[in-house]
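Worksheet: one structure, shown below.
The values are calculated or read from the model by the stated rules, or taken from the named source; none is laboratory data. Fair warning: this is a prediction, and the values are worked out from it, not measured in the lab. Quick reminder, even Gly has a Cβ in these numbers, built from the backbone with ideal geometry, and neighbours come from all protein chains shown.
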Amino acid sequence: MEAPQAQAKPEPLLELRAINKTFGSVAALSGLQASVAPGEFVTVVGPSGCGKSTLFNIVAGLEEPDAGGILRFEGKSCHAADLLGRISFMPQRDLLFPWRNVVDNAILALEVEGMPRDQARAKALKMLPEFGLAGFEKQYPNQLSGGMRQRVALMRTFLFERDLMLLDEPFGALDALTRAMMQRWLLDVWQKYRRTILFITHDVDEAIFLGDRVLVMTARPGSVKLEQVVDLPRPRRPEVVTSPEFVRLKRTLLDAIEEESIKSFQSSIAQEKPQ
Ligand SMILES: Nc1ncnc2c1ncn2[C@@H]1O[C@H](COP(=O)(O)OP(=O)(O)OP(=O)(O)O)[C@@H](O)[C@H]1O
Ligand SMILES: [Mg+2]
């Protein structure tokens, strides 16, 4: 019997081992290994096409990995399909319905789950101020700025109350200033709601500023190349980005990402060469 450990790590909320995923002749993921602790904010960076969204589709239960991998959620081994509806997921495109107003877009996942519309709307209305959308409940997506659209999509994800949230490049399309404000706002909301977050980004500053840990993925087929702990105190202030510790982390991560991006670029050039 194992002796109980005084400072045992909490059981991971999510654990992935030896995950492979192929699409026909394309190997998207190979031997991917990762685990996420309850309440953790983990950011994921890696070259374009390395399999980040594929990883999220698996954890959200939308794609099954190839046979042989191990997927565990809340300590239990499971298939990806078992996770469908148990994870909140904001896909890479915001997927707001143009014919639904702000509130009705935000409650979509609740409605799909079977919550009566009035009850779902009441819940969403309460959340609007926190998401910077007070007074905008009747507006349609085409009447909103990019930052507001993203907040509606995020509100939809938060309203679907699950322990694990997957956010696939939620701020990718925003200008730098709006993005910086959204990052700070997301950290505030995360600290209040204490969800576990997996967050994909192409922006290394964003990955460090938000994360407890940064996972750097290899070029395709993707696996985890580097797990970097971000030991910066919270709450994180905007000026942390110029601290020596932040700069040091950025250097390490950029080196790892660059190495993989070059591989990814070289293989895309090789594929384009005429035979
Ligand atoms: N449903 C699918 N069918 C066939 N190929 C797919 C499918 N989904 C993803 N792929 C392929 O798998 C690889 C990884 O794609 P994925 O979208 O996961 O990458 P990514 O890291 O999210 O890229 P980006 O940073 O550009 O968003 C790509 O080569 C892609 O074309
Ligand atoms: Mg993607």
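Annotations for the structure displayed:
- Total residues in the range 70-84, condition more than 14 Å from ligand 1 (Cβ to nearest atom), in contact with a helix residue (DSSP H, G or I) (Cβ under 9 Å, 6 or more places away or on another chain) and within 25 Å of Thr201 (Cα to Cα): 3
- When the range 5-28 is filtered for residues that are away from ligand 1 (no atom under 16 Å from the Cβ) and at pLDDT 90 or above, the ones remaining, listed by number, are Glu11, Pro12, Leu13, Leu14, Glu15, Arg17, Ala18.
- Within the range 48-61, being more than 7 Å from ligand 1 (Cβ to nearest atom) and either exposed (fewer than 15 other Cβ atoms within 10 Å of the Cβ) or at pLDDT below 95 (or both) holds for no residue.
- Just one of the listed residues (Ala120, Ala134) is of a type in the set (Gly, Ala, Ser), farther than 30 Å from Lys21 by Cα and buried (at least 18 other Cβ atoms within 10 Å of the Cβ), namely Ala120.
- In the range 38-59, the qualifying residues are those that are among the small types (Gly, Ala, Ser) and touching a Lys or Arg at 6+ places or on another chain (Cβ under 7 Å), and the one that is farthest from ligand 2 (Cβ to nearest atom) is Gly39.
Residues checked against (1) in contact (Cβ under 8 Å) with a residue 12 or more places away in the chain; (2) more than 16 Å from ligand 2 (Cβ to nearest atom):
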| site | (1), (2) |
| --- | --- |
| Met182 | yes, yes |
| Thr196 | yes, yes |
| His202 | yes, no |
| Glu206 | yes, no |
| Gly211 | yes, yes |
| Gly222 | yes, no |
| Leu226 | yes, yes |
| Val230 | yes, yes |
| Pro233 | no, yes |
